[in-house]
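Everything below concerns the one structure shown next.
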Amino acid sequence: MSVAKNPVRWTIKDIEALPENEWVRYEIIDGELFVTRSPHHKHQQLAGRIFAALDNWAFASGQGEASIMPGLIFSDSDNVSPDVVWASTERIAQIQDEAGHFQGAPELVVEVLSPGKVNEERDRTAKLKLYSIQGVQEYWIVDRTAKRIEIYRREQAQLTLTKTLLAQDTLTSDLLPGFACEVARLFAARG
């Protein structure tokens, strides 16, 4: 007789019990644990440029805040750290806890794809579904290898791909009035 085993469902308490390691990132999506190592330097550089563009706009416009790798704690079994987020001042007041984590969805989430089919699939499928369910208004998937940005916007209660931007395009968003950034600038090589 075989006994069916239930898969282990990870929770925030399980993550808190793991040893801290600055080179490892733990995320939980629907109770499944994802462990990734620190991203490539170019991944971090690209995320930093996106953060800088959003942060500069937010500071100049007085509209909300951008954050790098914030903890998004949607539930005990859904806990992720996207590369960059932006939230309006009103939304931050609703979702930020005393530890500085977000206990709900910011309006905008940005993920820079890490190499590898498993990593890409997580961002394109599992996180897209999670962010859609949680009420994220806009989701940018940034592919540093292909040098493109896919823009998903909430339509009929679901995040749907609405456009794909390439180097010659300008990144804008209805969420961010007056925000504009040349895509080529984000992917530009130095030296």
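Rule-based calculations on the coordinates, nothing more; no lab input. Every value quoted in this text rests on a predicted model; they were computed, and no experiment measured them. Quick reminder, even Gly has a Cβ in these numbers, built from the backbone with ideal geometry, and neighbours come from all protein chains shown.
Count neighbours as other Cβ atoms within 10 Å of each site's Cβ, and list the GluC sites (Glu not before Pro) in the range 19-123 that are DSSP loop with at most 10 such neighbours.
Values: sites: E20, E22, E27, E32, E65, E90, E98, E107, E111, E120, E121; in loops: E20, E22, E98, E107.
Here the sparse-neighbourhood loop sites are E20, E22, E98.
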Worksheet entry | Vicinal HN-Hα couplings computed from phi for the range 74-84 (Karplus, 6.51 cos²θ - 1.76 cosθ + 1.60; Hz; Gly/Pro x) | 7, 6, 4, 10, 9, 9, 10, 10, x, 5, 8
Worksheet entry | Kirkwood Rh (inverse of mean 1/r, distinct Cα pairs), the range 67-191, angstrom | 15.1 Å
Worksheet item: Using modelled amide H (1.01 Å from N, peptide plane; none on Pro or chain starts), what sits under 5 Å from the amide H of F179, excluding residues fewer than 5 places away?
Response: S173
Worksheet item: What value, in deg cm²/dmol to 500, does the helix sum -39500 (n - 2.57) over DSSP H runs of n ≥ 4 give at 222 nm once divided by the residues of the chain?
Response: -7500 deg cm²/dmol
Fill in: Estimated distance in nm for a label pair at E121 and F34, the labels positioned 7 Å out from Cα along Cα-to-Cβ
1.2 nm
Worksheet item: With Cβ to Cβ distances under 14 Å as the rule, what net charge do the other residues near P177 carry (K, R +1; D, E -1)?
Response: -3
Practice prompt. Find which of V35, L161, G116 sits farthest along the positive direction of the dipole of the chain, computed with +1 on the beta-carbon of Lys and Arg, -1 on that of Asp and Glu, about the Cα centre.
Written response: G116
Discussion item. I'd like the per residue volume of the convex hull spanned by the Cα atoms of the range 1-92, given in cubic angstrom.
Written reply: 120 Å³
Item to complete: Could you calculate the FRET efficiency of T89 with T172 from 1/(1 + (r/R0)^6), where r is the beta carbon distance between them and R0 is 25 Å, rounded to 0.05?
Response: 0.75
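Subtract the Cα-Cα distance of A17 and S81 from 0.36 nm times their separation in residues, and report this length gain in nm to one decimal.
Values: separation 64, 0.36 × 64 = 23.04 nm, distance 1.76 nm.
Between A17 and S81, full extension yields an extra 21.3 nm.
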Practice prompt. Report, please, the projected area of the range 53-106 averaged over directions, based on the convex hull of its C-alpha atoms, in nm².
Written response: 3.6 nm²
Worksheet item: Using 7 Å Cα-to-Cβ label points, what is the V24/R190 separation (nm, one decimal)?
Response: 3.1 nm
Worksheet entry | Alpha-carbon centroid distance for the pair the range 144-172 / the range 87-143, whole angstrom | 14 Å
Discussion item. If I stretch the segment between R9 and A60 completely, what's the gain in nm (0.36 nm per residue apart, minus their alpha carbon distance), one decimal?
Written reply: 14.0 nm
Worksheet item: When we measure straight from the Cα of K127, which lysines land under 23 angstrom away, once same-chain ones fewer than 8 places off are left out?
Response: K13, K42, K117, K147, K163
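Given the Cα-Cα distance of A99 and K129 and 0.36 nm per residue of separation, how much length would full extension add, in nm?
Numbers: separation 30, 0.36 × 30 = 10.80 nm, distance 2.60 nm.
Result for the pair: 8.2 nm of gain on full extension.
May I ask you to derive the FRET efficiency for Q44 and T164 from their Cβ-Cβ distance with R0 = 30 Å, giving the value to the nearest 0.05?
Working: r = 23 Å, r/R0 = 0.77.
E(calc), rounded to 0.05, equals 0.80.
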